[in-house]
1. Pull out the extension gain between Ser202 and Ser50, defined as 0.36 nm times the separation in residues minus the alpha carbon to alpha carbon distance; nm, one decimal.
2. What accessible area per residue, rounded to a whole number of Å², is obtained for the chain using a probe radius of 1.4 Å?
3. With every protein chain kept in the model, how would you rank Thr369, Thr78 by accessible area, 1.4 Å probe, largest at the top?
4. GNM on the chain, C-alpha springs below 10 Å: top fluctuator among Val187, Val347, Val81?
5. Number of Lys pairs in the chain with C-alpha atoms less than 20 angstrom apart, excluding same-chain neighbours closer than eight positions?
6. Which of the three applies to the stretch 228-385, rounded, prolate or oblate, going by the alpha-carbon gyration tensor with a ≥ b ≥ c and a/c under 1.5 meaning rounded?
7. What value, in deg cm²/dmol to 500, does the helix sum -39500 (n - 2.57) over DSSP H runs of n ≥ 4 give at 222 nm once divided by the residues of the chain?
8. Report the accessible area of Thr243, computed with a 1.4 Å probe over the heavy atoms of all protein chains in place, in Å² rounded to the nearest 10.
Amino acid sequence: MSNADRSRFVPAYIFMGFSIGFAWFVLAPLVPSLIGLYKASLSEIIMLISLYGYAMVVVSLPAAWWAMKSGPKLLFTTAIVLSVLGLVLRAVSTHYSLLLIGQAIAALAYPMIISPIGAVLKLTNHPRPRALTGWTIGMLFLGMALGALVAPSLIASLGTHGTLWVVALVNAVAGIYFLTALRYLPVPSAQTTIHRPLIITSWSLVGLAVASISVMLGSIAGEALGKLGMSQSNSLALGSLLTALTFLGSALGAIVLASLADRLSKPYQYQKVLAVLTWVALLWVALTLTGKISGGPGGLEMGFFILGALGNGWYAMALEASAHRAKTAGSAGISTAGFSIVSNLGVALIPVYLGPLILSADSLWLTLTLLLMLIAVMVPLLAKHPEGTSRTA
């Protein structure tokens, strides 16, 4: 792929990821409004947000196989159509059932765009693959953070349906841009149909630990602070802020820290440093949330931001590493799809079962959480040649 073609395709791919994150988490601040407008229960509205995660688990592997057999162009085209169609249905819905259908259709685009990122890395022959991975994941998180940030202002001025229409418009613009850029993506060679891919790699443990613990901390922060004696209103407000800081840190970490790795002669050594620092940041946050230490003014906020940045810089590098040794674009897409499946299974299960322990058995919660991350840290520490040398060196 020439530099000119790459410069036309890559920004469109990244912007599409941003628009998906924006459409996803714009719903979080709208939960009370959606409950009132659609006469739905809290669990029904939370289901709307969870659909993107379920879609990643169910659709990732079929999407990656599709990309391996036929190349990702038709897959991406289908994803664009589904995303725009689903978000328009969501915006025009007057009943919860139609809202659910629209959200389900739109959610299918998430794994179809993101899961086969390994195929994109191979087909574009990007000279800085970790930077491309970091920008894609980082802009997805930035879209999530921005959606949660601007939703209250949008709903105040445009109402619920108006807000959903703005999101659909942003996604449509991104989809058209991406559609016009697909012609610059090369067609994979026939070898992609005969190479047997490795679906699950040890790097998936990094995705499982980082993603599930990040989501768990955001989910339990408010309740944990309440247990430490903070008032309900203050604990909920600070919990929301901590979640937003995690998203923002995740976006910046994935973009900046993963991109930095491509400039180093031995990026796998750098990933080891990120892994250890992530565990140290988690230790600080976990000890503070359980009241074992006092974080001081702003300590917890800074801890969540740093943990998000370090963790997702490492996450992006591990995602790229899962595709690095694949011989073909198709098999690389399968490997990153497996990474996404394991990560999202962790998100679906670990916060539900491990998270509540912080209220009933905080020492056990602390031990298990740190142990889970430590297992992930061992992956880069024990790997002999996790990513090879820098491709720009």
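1. Extra length from Ser202 to Ser50 when fully extended: 52.1 nm.
2. 39 Å²
3. Thr78, Thr369
4. Highest fluctuation of the listed residues: Val187.
5. Lysine pairs meeting both conditions in the chain amount to 9.
6. Prolate is the answer for the stretch 228-385, as a/c is 1.5 or above and a/b outweighs b/c.
7. Taken over the chain, the calculation gives -27000 deg cm²/dmol.
8. Near enough 40 Å² of accessible area.
The values are calculated or read from the model by the stated rules, or taken from the named source; none is laboratory data. Bear in mind that the values here come from a model prediction, so they are computed numbers and not experimental data. Using ideal geometry, Cβ is built from the backbone for each residue, glycine included, and neighbour counts are taken over all protein chains shown. For the accessible areas, the whole protein counts, side chains as well, though only heavy atoms, and no ligand, DNA or RNA atoms are used. Shrake-Rupley method; radii C 1.70, N 1.55, O 1.52, S 1.80 Å.
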